[in-house]
Amino acid sequence: MSVGIVPGSFDPITLGHLDIVQRARGLFDEVIVGVATNHTKTPLLSVEERVRLIAGAVADLTNVRVMAVNGLLVDFAHSFGATVLVKGVRSARDLLTEDVQAQVNYELGAVETVFLPSRPGLAFLSSSIVVEMAANGANIASFVPDGVPDAVSEALAARRDAPTRTTG
């Protein structure tokens, strides 16, 4: 049985991410969406919330499951017998960044990476853009799966209402 991993931080999941997951289903017997922590960013949504939202978005896809990634992605992949990661790329810039990660993952654990280009109508879409739109009052419902707009709105409100720390 072939297993492919679609990894990402998905903070939040977008329709672009969902398109990559749906297309990966045609390439593998099973697809695991690996929800990772990007240690270079402060997440808007917790890993648990992202897993919940993605699980809801893929609930009707029989050969897809969603799990949090703890530790190295290559170790996560190997724990499920997967030797292939599936990454979406929107632009040449994405490809350059993802290629470096692909080389590292191969060197660390002989895990290959397959790149799927974004669909033209989704190539502009990123989690960062969605959060920025929502933070400025735009309706993001046409860019993300059901449930995500409310979760993003609540997380942004909580962030605004959180007390700020001062140093002194």
Problem - Residue in the range 105-125 that is farthest from residue 28 (Cα to Cα), counting only those that are polar (S, T, N, Q) and without any contact (Cβ under 8 Å) to a residue 60 or more places away in the chain - result: 105
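Answer with yes or no whether residue 25 is over 18 Å from residue 130 (Cβ atoms) and basic (Lys, Arg). I'd like the intermediate steps shown before the answer.
On the way: over 18 Å from residue 130 (Cβ atoms): yes; basic (Lys, Arg): yes.
Yes, satisfied.
Given the criteria in contact with a helix residue (DSSP H, G or I) (Cβ under 7 Å, 6 or more places away or on another chain) and of a type outside the set (A, V, I, L, M, F, W, C), does residue 71 qualify? Walk me through it before giving the result.
On the way: in contact with a helix residue (DSSP H, G or I) (Cβ under 7 Å, 6 or more places away or on another chain): no; of a type outside the set (A, V, I, L, M, F, W, C): yes.
Spelling it out, it is not the case that residue 71 is in contact with a helix residue (DSSP H, G or I) (Cβ under 7 Å, 6 or more places away or on another chain) and of a type outside the set (A, V, I, L, M, F, W, C).
When you scan the range 96-109, how many residues do you find that are of a type in the set (Gly, Ala, Ser) and buried (at least 18 other Cβ atoms within 10 Å of the Cβ)?
1
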Completion exercise
With criteria (1) within 22 Å of residue 126 (Cβ to Cβ); (2) crowded, with 18+ Cβ neighbours inside 10 Å, residue 93 comes up short on (2)
Fill in the blank from the handout: Result of the Cβ filter at 7 Å on the range 15-36, keeping first residues that are in a strand (DSSP E or B) and partners that are buried (at least 22 other Cβ atoms within 10 Å of the Cβ) and charged (D, E, K, R), at least 6 apart or interchain, is 35/50
Practice task
Scan the strands (runs of 3 or more DSSP E) fully inside the range 45-140 and keep the ones with 1 or more residues being touching a Ser or Thr at 6+ places or on another chain (Cβ under 8 Å).
Solution key: 84-89, 112-117
Handout entry: Subset tally (residues that are buried (at least 20 other Cβ atoms within 10 Å of the Cβ), over 27 Å from residue 106 (Cα atoms) and out of contact with any Asp or Glu (no Cβ under 8 Å at 6 or more places or on another chain)) for the range 50-90
Key = 2
Handout entry: Tabulated pairs, the range 147-168, first on the phi > 0 side of the Ramachandran plot and modelled with pLDDT of 85 or more, second outside any loop (DSSP other than H, G, I, E, B) and hydrophobic (A, V, I, L, M, F, W, C), C-beta under 9 angstrom, 6+ apart or interchain
Key = 147/53; 147/57
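Just name the residue that is surrounded by the fewest Cβ atoms within 10 Å (Cβ to Cβ) out of those in the range 119-168 that are in contact with an Asp or Glu (Cβ under 8 Å, 6 or more places away or on another chain) and under 22 Å from residue 94 (Cβ atoms).
Per the stated criteria, the residue is 119.
The values are calculated or read from the model by the stated rules, or taken from the named source; none is laboratory data. As the structure is a computational prediction, the values presented were derived from the model and not from experiment. Backbone-built Cβ (ideal geometry, glycine too); neighbour counts: all protein chains shown.
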